[in-house]
């Protein structure tokens with residue numbers, strides 16, 4: 001991936017993670033999966049406290065980034081226990097606790113680099 005494109009994607013992933021964290025999502029993680037799969041460059045994984053919180057997190061994320069970041073999902077999948085927002089190079093997974101334990105994405109993608117979004121510097125324009 002080219003340097004500036006990679007930096008822009010990483011910054012977008014960081015912004016999404018920070019947004020989810022600010023909306024009280026639990027255990028928000030960014031996995032850099034570029035070297036592990038062709039389906040995306042980044043996975044963002046978060047836990048919602050309830051099905052209602054899950055829906056609110058995903059709806060607010062989609063709305064905020066459509067209005068403020070020009071991000072429109074390619075697709076979205078939803079259930080009462082798990083939701084996915086596919087932004088192409090960035091895929092957001094939000095689970096309720098039981099579903100996150102069941103799907104074990106961190107274990108499935110254990111070879112991916114985990115990025116500490118709270119330590120990433122904010123990119124300046």
Practice item. Please list 72-78, 83-89 highest first by mean number of surrounding beta-carbon atoms within 10 Å per residue. Key: 83-89, 72-78
Exercise for review: Could you point to the label whose value was computed as Kirkwood radius over Cα pairs in Å for the structure here, given (i) 17.2; (ii) 14.9; (iii) 14.5?
Suggested key: (iii)
Practice item. Mind giving me the nanometre distance, one decimal, between the label points for residue 108 and residue 6, set 7 Å out from Cα along Cα→Cβ? Key: 2.6 nm
Check your understanding: Taking only DSSP H segments of four or more residues, each worth -39500 (n - 2.57), what value at 222 nm results for the chain once the sum is divided by all its residues, to the nearest 500 deg cm²/dmol?
Key -> -12000 deg cm²/dmol
Review point. Given 0.36 nm per residue, what is the gain on full extension from residue 67 to residue 116 after removing their alpha carbon distance, in nm?
Key: 15.1 nm
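The numbers here are math on the coordinates, done by the rules we state, and not lab data. Keep in mind that what you see is a predicted model, and the values were worked out from it rather than measured. Note: ideal-geometry Cβ built from the backbone for every residue, glycine included; neighbour counts use all protein chains shown.
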